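Heads up: the structure comes next, in structure tokens.
The values are calculated or read from the model by the stated rules, or taken from the named source; none is laboratory data. All of these numbers come straight from a predicted model, not from anything done at the bench. Cβ atoms come from the backbone with ideal geometry, glycine included; neighbour counts cover every protein chain shown. Note: areas computed on protein heavy atoms with side chains; ligands, DNA, RNA excluded. Shrake-Rupley method; radii C 1.70, N 1.55, O 1.52, S 1.80 Å.
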Amino acid sequence: MVLEAMQDILMHPIVVEGFSYSYPSKPNVLNDLSFRVERGEALGIIGPNGAGKSTLCKALNGLVPHFYGGRVKGRIYVVGMDTLKHTVAELSTKVGLVFQEPETQLSGLALTVEDEISFGLSMLGYPKETIQERTWQALEKVGLQGLEKRSPFELSGGQQQRLAIATVLAMRPEVLVLDEPAAQLDPLGKTQVFNVLKELLRDGATIVVAEHEIEELATFTDHLILLDGGRIVSEGVSRDVFKQVERLKSAGVDPPSVTELAYLVEKVCGLNRDHYPITVDEALSFFLELLEDGGRV
Amino acid sequence: MMLVVLPWMALAVPILSLPLGFPWNETVVYRLNLLGLDLPVYLEGLAWGFTWPLRIGVTISAALLFYLTTQHTALIAMLFKFRLPFRFIYMVAATLQLIPLMVDEVRSIYQAQLARGLRTDVSIVKKLWNFLLLVVPLTLSSLGKVQTRAIALESRGFSAQVPKTVLYDIRFKTVDYLFFTCMAAVTLYLGYLYVTAGYSPFVRLRFLLAG
């Protein structure tokens, strides 16, 4: 039993077991969360504001509880490491956390974009050659070549978020965690950021994203967790979670428009399909099919 | 600069030259007839009142000049060379970067307050209150940002107890050594003059206007 549990922990990049957390000033922010993330998959965390999405993201890299204090129950294992037993600095090479605020998460020490990317590595004392090599690779991955010598504060929001992702990528973490990365971006910035994430997934990265951009999440996540009041209200394959339109709406989350439309069409027309579309392309084929059937039940 | 020096002078001269019990006030230069009292105005105090603020002005100018003419990378590299604790270096470097951002933010807070009905055509006292209305939001938002930045830094390994890799490099050139020796020599000479020719009230109580 113990051996199985240990194997589980070692094989999955993230294992959360019965995790509960209370901030010093706010109790029961997370209640008894348990889930696993498979290697190479994209997990989406959705939920209303105040559900604990940010807290969960911070728990994955050790900020909760090391930085904030508070009371913890249960465990989180990141790449086999117990977050309670390792410092945030140690975990930073395993988990990279990207925050919502593009400008505020910049270090403030770096005068150029490439220095900003090198920041994490220089904090951890890596030799210069390694730093230069990895910086260049990260720069290419996020598509910011040509901007290395600019000041990080001169970039647009989307570029700054991509810079933040590059900073984290340079440290070669096993898991990338993003806490509402598109929240403060304009539509172009959002597209840029999500394109980078999809590119990373194609390369085999493991990603956890907490977001409100349901439509985007529908295009690339494998699994979803619906969080409400610190509890997991629904989890599973993205498609299955999106299908639970009523539950999503009662938790204060809007499902993708096309899913909701299909759901309403079913309700109104009394149709019974076993799947709903979650992206616009799927919706196209779904409704074409419906039209072909002549709307017959 | 005048903005800093003149008010201090206006404050220092009266306080220092009047008979308020300062030990170095000996030579009476003038006698003021104020409020029925016969007040002596002392030379020493007068002189001090003028020279102190000027010295402060010189110090501030020197600091500003240094800040404005030094390349940031060179400054940070130098701090690393002096092996100062990393947290201190970070403090200096972050300040250099973040002051322009704060200036931008004050501008946007000002516009926001104007849009909410802030009046600029008011008395001096009200203007001071307006100042508060700019400073308080700035402080609060900065505190919030500080927390976000702190956790971002932590997540990038800021607190790791390993020697940090220095990103910028700087080497001392011959010119630098020359400059340092000259500076040291001049300082020593001035110090000698200062002490022996008696410009300091602690060495000689009697001193000249040039002090």
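Taking the options A:Phe153, A:Phe220, name whichever one is under 16 Å from the mean Cα position of the chain (by Cα), surrounded by fewer than 22 Cβ atoms within 10 Å (Cβ to Cβ) and at negative phi.
Working: A:Phe153 fails: under 16 Å from the mean Cα position of the chain (by Cα).
None of the other options fit; the residue is A:Phe220.
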Problem set entry | Within the stretch A:78-92, considering residues that are surrounded by 18 or more Cβ atoms within 10 Å (Cβ to Cβ) and assigned to a loop (DSSP other than H, G, I, E, B), the one nearest to the other protein chains (Cβ to nearest Cβ) | A:Ser92
Exercise. Are any residues in the stretch A:115-125 surrounded by 18 or more Cβ atoms within 10 Å (Cβ to Cβ) and within 9 Å of another protein chain (Cβ to nearest Cβ), and if so, which ones?
Worked result: A:Asp115, A:Ser118, A:Phe119, A:Gly120, A:Leu121, A:Ser122, A:Met123, A:Leu124
Exercise. Looking at the stretch A:171-194, which of its residues are open to solvent by 20 Å² or more (accessible area, probe 1.4 Å) and under 27 Å from A:Ile131 (Cβ atoms)?
Worked result: A:Arg172, A:Pro173, A:Glu174, A:Gln192
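Residue-wise test of (1) within 8 Å of chain B (Cβ to nearest Cβ); (2) at pLDDT 90 or above; (3) assigned to a helix (DSSP H, G or I).
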{"site": "A:Ile76", "(1), (2), (3)": "no, yes, no"}
{"site": "A:Ser107", "(1), (2), (3)": "yes, no, no"}
{"site": "A:Leu111", "(1), (2), (3)": "yes, no, no"}
{"site": "A:Arg134", "(1), (2), (3)": "no, yes, yes"}
Exercise. How many residues are in contact with a Pro (Cβ under 8 Å, 6 or more places away or on another chain), over 15 Å from A:Val245 (Cα atoms) and surrounded by 13 or more Cβ atoms within 10 Å (Cβ to Cβ) if we restrict to the stretch A:262-286?
Worked result: 2
Exercise. Just a yes or no: is a residue in the stretch B:23-39 aliphatic (A, V, I, L, M), surrounded by fewer than 16 Cβ atoms within 10 Å (Cβ to Cβ), at pLDDT 70 or above and in contact with a helix residue (DSSP H, G or I) (Cβ under 9 Å, 6 or more places away or on another chain)?
Worked result: no
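So which of A:Ala182, A:Ala210, A:Ala262, A:Ala205 is under 13 Å from the mean Cα position of the chain (by Cα) and either over 29 Å from A:Gly157 (Cβ atoms) or at pLDDT 95 or above (or both)? Spell out the reasoning first.
Details: A:Ala182 fails: either over 29 Å from A:Gly157 (Cβ atoms) or at pLDDT 95 or above (or both); A:Ala262 fails: under 13 Å from the mean Cα position of the chain (by Cα); A:Ala205 fails: either over 29 Å from A:Gly157 (Cβ atoms) or at pLDDT 95 or above (or both).
Checking each option against the conditions leaves just A:Ala210.
Go through the stretch A:195-217 and count every residue that is of a type in the set (A, V, I, L, M, F, W, C) and either outside any strand (DSSP E or B) or open to solvent by 10 Å² or more (accessible area, probe 1.4 Å) (or both). Write out each step before concluding.
In the first step, residues of the stretch A:195-217 are kept if they are of a type in the set (A, V, I, L, M, F, W, C); the result is A:196-197, A:200-201, A:205, A:207-210, A:214, A:217.
Okay, now just the ones that are also either outside any strand (DSSP E or B) or open to solvent by 10 Å² or more (accessible area, probe 1.4 Å) (or both), so A:196-197, A:200-201, A:205, A:214, A:217.
Selection size over the stretch A:195-217: 7.
Could you identify the single residue in B:Tyr42, B:Tyr90 that is modelled with pLDDT of 80 or more, among the aromatic types (Phe, Trp, Tyr) and surrounded by 12 or more Cβ atoms within 10 Å (Cβ to Cβ)? So that I can check it myself, show each step before the final result.
Details: B:Tyr42 fails: modelled with pLDDT of 80 or more.
Result: B:Tyr90 is the single residue among B:Tyr42, B:Tyr90 that is modelled with pLDDT of 80 or more, among the aromatic types (Phe, Trp, Tyr) and surrounded by 12 or more Cβ atoms within 10 Å (Cβ to Cβ).
Within the group B:Leu114, B:Leu98, which residue is over 28 Å from A:Asp115 (Cα atoms) and assigned by TED's automatic domain parsing to the domain that holds B:Ser159? Step through it out loud before you land on a result.
Values: B:Leu98 fails: over 28 Å from A:Asp115 (Cα atoms).
Criteria check complete, one pass: B:Leu114.
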Exercise. Restricting the search to the stretch A:51-74, which residues are exposed (fewer than 15 other Cβ atoms within 10 Å of the Cβ) and assigned to a loop (DSSP other than H, G, I, E, B)?
Worked result: A:Gly69
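So is B:Val122 surrounded by fewer than 17 Cβ atoms within 10 Å (Cβ to Cβ) and away from every other protein chain (no Cβ under 14 Å) or not?
Values: surrounded by fewer than 17 Cβ atoms within 10 Å (Cβ to Cβ): yes; away from every other protein chain (no Cβ under 14 Å): yes.
Here the answer is yes, as B:Val122 does meet what is asked.
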Exercise. From the set of residues in the stretch A:223-249 that are closer than 13 Å to A:Ala51 by Cβ and not aliphatic (A, V, I, L, M), which is surrounded by the most Cβ atoms within 10 Å (Cβ to Cβ)?
Worked result: A:Gly230
Exercise. If you go through the stretch B:167-187 one residue at a time, do you hit one that is within 11 Å of chain A (Cβ to nearest Cβ) and touching a residue at least 12 places away in the same chain (Cβ under 8 Å)?
Worked result: yes
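Filter the stretch A:1-45 down to residues that are β-branched (Val, Ile, Thr) and either outside any helix (DSSP H, G or I) or open to solvent by less than 30 Å² (accessible area, probe 1.4 Å) (or both) and give me whichever is farthest from A:Val208 (Cα to Cα). Quick ask: steps written out before the conclusion?
Just the residues of the stretch A:1-45 that are β-branched (Val, Ile, Thr), to begin with: A:2, A:9, A:14-16, A:29, A:37, A:45.
If we keep only those that are either outside any helix (DSSP H, G or I) or open to solvent by less than 30 Å² (accessible area, probe 1.4 Å) (or both) too, we end up with A:9, A:14-16, A:29, A:37, A:45.
Values: A:Ile9: 17, A:Ile14: 10, A:Val15: 12, A:Val16: 13, A:Val29: 19, A:Val37: 8, A:Ile45: 7 Å.
Going through the qualifying residues, I end up with A:Val29.
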Problem set entry | Residues of the stretch A:93-105 satisfying the condition of being at the interface with chain B (Cβ under 10 Å from one of its Cβ atoms) and under 22 Å from A:Glu211 (Cβ atoms) | A:Val95, A:Gly96, A:Leu97, A:Val98, A:Phe99, A:Gln100, A:Glu101, A:Glu103, A:Thr104, A:Gln105
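Select from the stretch B:132-172 the residues that are assigned to a loop (DSSP other than H, G, I, E, B) and modelled with pLDDT of 85 or more and write down the one among them that is surrounded by the fewest Cβ atoms within 10 Å (Cβ to Cβ).
Among those residues, the one meeting the criterion is B:Phe158.
Away from chain B (no Cβ under 12 Å), touching a Gly at 6+ places or on another chain (Cβ under 9 Å) and under 28 Å from A:His212 (Cα atoms), is that true of A:Gln184? Give the steps one after another, and end with the answer.
Numbers: away from chain B (no Cβ under 12 Å): no; touching a Gly at 6+ places or on another chain (Cβ under 9 Å): yes; under 28 Å from A:His212 (Cα atoms): yes.
In short, no.
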